[in-house]
1. Which one of the conditions (1) closer than 30 Å to P63 by Cβ; (2) surrounded by 14 or more Cβ atoms within 10 Å (Cβ to Cβ); (3) not polar (S, T, N, Q) does D204 fail to meet, given that it meets all the rest?
2. Any residue in the range 110-127 that is in a helix (DSSP H, G or I), touching a residue at least 60 places away in the same chain (Cβ under 8 Å) and closer than 21 Å to R55 by Cβ?
3. Among H251, H183, which is out of contact with any Asp or Glu (no Cβ under 6 Å at 6 or more places or on another chain), in a loop (DSSP other than H, G, I, E, B) and not hydroxyl-bearing (S, T, Y)?
4. Tell me, please, whether a residue that is of a type outside the set (A, V, I, L, M), touching a residue at least 24 places away in the same chain (Cβ under 8 Å), out of contact with any strand residue (DSSP E or B) (no Cβ under 6 Å at 6 or more places or on another chain) and within 14 Å of L217 (Cα to Cα) can be found in the range 246-253.
5. Being under 22 Å from G56 (Cβ atoms) and among the basic types (K, R) narrows it down to one residue among R199, R171, R130; which is it?
6. Taking the condition farther than 18 Å from A230 by Cα, out of contact with any strand residue (DSSP E or B) (no Cβ under 7 Å at 6 or more places or on another chain), surrounded by fewer than 21 Cβ atoms within 10 Å (Cβ to Cβ) and aliphatic (A, V, I, L, M), does A153 pass?
7. So which residues in the range 165-175 are surrounded by fewer than 23 Cβ atoms within 10 Å (Cβ to Cβ), in contact (Cβ under 8 Å) with a residue 60 or more places away in the chain and either among the acidic types (D, E) or assigned to a helix (DSSP H, G or I) (or both)?
Amino acid sequence: MPHVTTDDGVRLYYEETGSGTPIVFVHEFLGEYRSWEAQMRHFSRRYRCIAFNARGYPPSDVPADPAAYSFEHQRAGILAVLDGLGIEQAHIVGLSMGAFASFYFAMKWPQRALSITLAGIGSGSMAAVREQFKRESMATAEQLLVDGWQASAERRATTATRVQLLNKSPRAFAEFVAHLSEHSALGSANTLKGYQALRPSLADFANEMAACTVPALIISGDEDEPCLDASLMLKRGMPSAGLVFLPQTGHACNLEEPDLFNAACERFFHQVESGQYRLRDPRAAGTRML
């Protein structure tokens, strides 16, 4: 099995297909490398596509210590993939937990990102819900160690921001649950404890966002309630950011609406690669209404 190794010795499993400009896909908490199949198939026609599993998601390694799952480790995982595969720059596409890692990556190593796509980003980041998100992450981690994924995958996947996938495509939802049931309860619990509960807020990077020139595309489903305000905050705070809302769509927007998701990304990549993706004109930030 192909792996890259991080600086702290953790092996990360990856798959790649296609050739050309690289795209690295970074999965969400309930996802994995297989969650990007619709994107891998589409973009591999013209791009070199890489999807990898974060630490804690077999066949990547599952460290026993939650401290090995910090946001620093998560963003360094993306760097390990680039370095391990000899890639100087890539488009980085992340969903939810993976979008946070992609954001943190670009804030530290902007020279390594051709662009960042931040989909379904923001859960637990706004000040009003920070403590609630931390409490729920810790409690879920403990209960997951008791229940295991095989017995609880469908229940945990049937949430307010995921029923949209179930309603649109029961077959896709069933596949999503089947993959989820194979995850490591220990790896997921440690991810919740070390990363999800403790990661810094997006707002903590206000200065870095304001100075960021890495082309950024923010994508959110309009029924992904925990991410709406954060998506707007990022748009307002990053002069390099564009924003797309997908109608009647929840959290797993790349699974729910693969054609719309792929089209938005593809147009964005083309703008970046042709030099036509511009920073926001300062005149667009005026306060006049007329």
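Only the coordinates and a few stated rules stand behind these numbers; no lab work does. None of these values were measured; they are calculated from a predicted model. For neighbour counting, all protein chains shown are included, and Cβ atoms are generated from backbone atoms with ideal geometry for every residue, glycine included.
1. (2)
2. Within the range 110-127 (the criterion being in a helix (DSSP H, G or I), touching a residue at least 60 places away in the same chain (Cβ under 8 Å) and closer than 21 Å to R55 by Cβ), the answer is no, since none of the residues qualifies.
3. H183
4. Looking through the range 246-253, none of the residues is of a type outside the set (A, V, I, L, M), touching a residue at least 24 places away in the same chain (Cβ under 8 Å), out of contact with any strand residue (DSSP E or B) (no Cβ under 6 Å at 6 or more places or on another chain) and within 14 Å of L217 (Cα to Cα).
5. R199
6. Working: farther than 18 Å from A230 by Cα: yes; out of contact with any strand residue (DSSP E or B) (no Cβ under 7 Å at 6 or more places or on another chain): yes; surrounded by fewer than 21 Cβ atoms within 10 Å (Cβ to Cβ): yes; aliphatic (A, V, I, L, M): yes.
So A153 passes the test.
7. Across the range 165-175, the qualifying residues are K168, A172.
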